[in-house]
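Report on the following structure.
Values quoted throughout were computed directly from the atomic coordinates according to the rules given, and no laboratory measurement underlies them. Since we're looking at a predicted model, the values are computed, not measured. Neighbour counts run over all protein chains shown; Cβ positions are idealised from the backbone, glycine included.
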Amino acid sequence: MQIKTVGILSPGDMGQAIAAVLHENGIKTIAALDDRSPRTRQLAAAANIQDVGSLSQLVIESDVVLSVLVPVAAKAVAKQVAEVIGNVGKQILYVDANAVAPQKVKRIDQIIEAVGGTFVDASIIGPPPRVPGRTRIYASGKQAVEFQQLRDYGLDIRVIGDEIGQASGLKMSYAALTKGLTAIGTELLIAAHRLGLDEELWQEVSHSQPELAAILTRSIPSMTPKAHRWIKEMEEIAETFKEVGLTERIFYGAADVYRLVKDTSLGKETPEESNRARLLSEVITTPADEITLK
């Protein structure tokens, strides 16, 4: 199958950036924007994504449907797409690139294949691909090589195996390190602020752990508008680790940290509204002062 048209579910911050790369390199991208928010419509327009209105029309016109959603929506949307596939009898490649546990991806695979679709497990590591070389998309499954065609159209797609769940497992393991560390750093810095030890702690971290200080300075300020999405991602990591016999409690705790940040003024900003030059100290003091002590 030659890929000519990619349906994007959904053109949020990540999906929009992926679509922009594909459009710039000659691939048509479409989205079903009926009943979508003005922000989503604006993001789609900025990436030259064509609005086809309904999900049914998206399936009819697409060669590949790329699902890039908040984790909690991944299975429900796959069921909606499967219903359309069954109704229209369209052969389509469904790529799930959501941050969900491998065992859940396998269930989504079953939903799509039960109606005659084909399925690829994918995981995105890195920021939205606005800067070349910073974002990798890992893929697994028997049809992953077909999806890898899009490597010729600006995306860094790396096939890592034939099994559904491998790409998602890699994402869960990697995000446990990066986003788990961001959660730990956020909580300990808020604690230090409430203990009146901000300056002393940061001087020590900068002196004895300069690489860690640099990571936290970069990762925490960019996290706040995404905290609402990372709650469920941490819970998916917890379920992944539990499935392989490890404790899930660490990452349910990380989810709690992001849940606290989500409800602050910084957490309510969209990525477009967030001040990317905001200092780490401000990012810490704002939620520290706004979060109600239990």
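Peptides 124-132, 200-208, 16-24 ranked from most to least packed give 16-24, 124-132, 200-208, packing being the mean of other C-beta atoms within 10 angstrom over each peptide's residues. Compared with the dominant principal axis of the Cα atoms in the chain, helix 198-208 is inclined by about 70°.
Potential lengthening of the chain between Glu273 and Asn48 amounts to 78.9 nm, from the contour at 0.36 nm per residue minus the alpha-carbon distance. Helix 74-88 and the long axis of the chain differ in direction by around 10°, with both axes built from C-alpha atoms. The percentage of C-alpha pairs in the stretch 5-162 whose separation is greater than 30 Å is 6%. Cross-link partners of Lys179 among lysines, defined as those whose alpha carbon lies under 28 angstrom from its own and excluding same-chain residues fewer than eight positions apart: Lys75, Lys104, Lys106, Lys171, Lys226, Lys232, Lys242, Lys262, Lys268, Lys294. Compared with the dominant Cα axis of the chain, that is its longest principal axis, helix 227-243 is turned about 80°. Which entry in (i) 179; (ii) 159; (iii) 135 matches volume of the Cα convex hull per residue in Å³ derived from the coordinates of this structure? From the options (i) 179; (ii) 159; (iii) 135, the structure gives (iii). Annotation for the stretch 19-84 versus the stretch 210-244: alpha-carbon center distance of 26 Å. Put in order of Cβ neighbour count within 10 Å, fewest first, the listed residues Lys179, Lys232 become Lys232, Lys179.
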